[in-house]
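Peer 1: Input: one structure, supplied below.
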Amino acid sequence: MSTTTAFAPMTAHDADVLLTAARRAAEAAGVTVSVTVLDGGGHLMAFRRDDRAVLISGETSTRKAYTALQLNTPTADLVDAVQPGGLFHTLPTALDRPLLFIAGGVPVHRDGRLIGAVGVGGGAPEQDHAFAVAAVQALD
């Protein structure tokens, strides 16, 4: 008898749902953004930059998703941890692949397991966070 519990990893359909929901939330708020969706291994599943989104938003959305995935925590919850004296103060410069501790990255779970992350860049940090949360809620 097997004690291993199967779970469904992120699919291309899941990535499309996340990307579409984040973009719709941003569009409803009148904000142009970039959205990045990574699977549980950190591989790119979906990416889209609105025509008028600032160019750097592509990089920030990807780094936010990567940070949320690696630390399994919304980036909005990590901002204080990288301030001087914070638990992760040196972490932003300690790794080869840069993390980004700005709100807008949210991990994605299924059945209690981490299956990926979504990152949004282009709006104010609080807006990006709200758009990423809306994406994850659309997947649930």
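The values are calculated or read from the model by the stated rules, or taken from the named source; none is laboratory data. Quick caveat, the model's predicted, so the values are computed rather than measured. Backbone-built Cβ (ideal geometry, glycine too); neighbour counts: all protein chains shown.
Peer 1: Listed residues GLY104, GLY123; which is in contact with a strand residue (DSSP E or B) (Cβ under 6 Å, 6 or more places away or on another chain) and modelled with pLDDT of 95 or more?
Peer 2: Checking each option against the conditions leaves just GLY104.
Peer 1: Select the strands (runs of 3 or more DSSP E) contained entirely in the stretch 34-140, then report the ones holding at least 3 residues which are β-branched (Val, Ile, Thr) and either buried (at least 16 other Cβ atoms within 10 Å of the Cβ) or in contact with an Asp or Glu (Cβ under 8 Å, 6 or more places away or on another chain) (or both).
Peer 2: The strands (runs of 3 or more DSSP E) meeting that bar are 34-39, 113-121.
Peer 1: Can you pull out every residue in the stretch 27-48 that is in contact (Cβ under 8 Å) with a residue 60 or more places away in the chain and in contact with a strand residue (DSSP E or B) (Cβ under 7 Å, 6 or more places away or on another chain)?
Peer 2: Within the stretch 27-48, VAL33, SER34, VAL35, THR36, VAL37, LEU38, ASP39, GLY40, MET45 qualify.
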